[in-house]
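The values are calculated or read from the model by the stated rules, or taken from the named source; none is laboratory data. Since we're looking at a predicted model, the values are computed, not measured. Cβ placement follows ideal geometry from the backbone for every residue including glycine, while neighbour counts extend to all protein chains displayed. Remember, those area values only see protein heavy atoms, side chains included, never the ligands or the DNA or RNA. Shrake-Rupley method; radii C 1.70, N 1.55, O 1.52, S 1.80 Å.
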Amino acid sequence: EAKIPYDREDRAECMERVLYICPSCRSIHMLKSKKDTIGCTKCGYSADVDEYGLFKEGSKFEDLYQWDKWQLEELISRRQSWMDNPDTTIIGLDDIKLEVVRDGLAQTMSESARLDMTAKRLTIKGEGADIDVPLEDIISFSPVLKDCTGMNIGGTFYHIRTKVPMDNKSLRMVL
C-alpha cells in the first residue's frame, strides 16, 4: 500500500479537537498540539506526526483513527466507575473564562474560573461565576470555536473558553 505525503506544515495542529485522552496518564482534556507534535500538559507524553499524517515511531498509536478508537473504548470502560463514584472529578480545568450570552452578545462573568465535572454535576466557580448544576439540567453542549464550547442550561446560554480545547464528543460520552 503506497503512502501519500501529507504536504502541510503544523501537521498536529488542532488534533486536540479530536484527541482528548492522554494514552500515558489517561488524563482528559490535557492534550495540546503545536506544529507537528501533540502532547499532554500533565505528564509530558508526546507524539510527533510524520509527513504522511501518521504518528512517528515511539507513539502508542500508528494513526489518529487508532487513538480515537482507543479513547472511545477508554471512556466507555470508565463510565461505570464514574457512575458508581459520582463525586469523582472526571474533568477538572483551571483558568476557564465563563461568558453568558444575552441578546447575541457574550458578556464575561469570570476571567479565571475552575470547571469540575463529575458523573452527576458540572461546577464552574470563580470570581463572578458560581454555577453548580446537575448534568441532566444541561440541555446541550455545542462547539463554538477551537477554545470555546457553548452550553445551554435552562434556556440560558454560556460560553466556556479554555486554554486546552474541549471536545464535545467526550462531554456527550460522560453524559
With +1 at each Lys and Arg Cβ and -1 at each Asp and Glu Cβ, the charge dipole magnitude of segment 88-167 around its Cα centre, to the nearest 20 debye, comes out at 120
Taking the alpha-carbon centre of each part, the distance from segment 127-160 to segment 1-27 in Å is 27
Whole-Hz couplings from phi, Karplus 6.51/-1.76/1.60, listed for segment 6-22; x for Gly and Pro: 9, 7, 7, 7, 6, 5, 8, 3, 6, 4, 5, 6, 10, 9, 9, 10, 6
Order the following by accessible area, largest value first: Thr41, Thr123, Thr88. Probe radius 1.4 Å; ligands, DNA and RNA are ignored. Thr41, Thr88, Thr123
Relative to the Cα centre, what is the charge dipole magnitude of segment 3-123, using +1 at the beta carbon of each Lys and Arg, -1 at the beta carbon of each Asp and Glu, and rounding to the nearest 20 debye? 380
Surface accessible to a 1.4 Å probe, per residue, for the residues of the chain, Å²: 55
Round to the nearest 10 and give me the degree value, 0 to 90, for the angle of helix 64-84's Cα axis relative to the longest principal axis of the chain. 40
Could you work out the relative contact order of the chain, using alpha carbon pairs under 8 angstrom and six or more residues apart, expressed as a whole percent? 17
Roughly how compact is the chain, stated as its Cα Rg over 2.2 N^0.38 Å to two decimals? 1.10
Met109 - accessible surface, heavy atoms, 1.4 Å probe, Å² rounded to 10: 60
Please state the Cα pair-distance histogram of segment 1-104 with 5 angstrom bins from zero: what percent is in each bin? 2, 11, 18, 21, 15, 12, 10, 6, 3, 1, 0
Sorted by accessible surface (1.4 Å probe, heavy atoms of the protein chains only), largest first, His29, His159 come out as His159, His29
With the full set of protein chains in place, find how many percent of the accessible area of the chain is carbon and sulfur; take the probe as 1.4 Å. 46
Treating cross-link reach as a plain straight distance, find the lysines whose alpha-carbon is under 26 Å from the alpha-carbon of Lys125, omitting any fewer than eight places away in the same chain. Lys32, Lys42, Lys97, Lys146, Lys163, Lys169
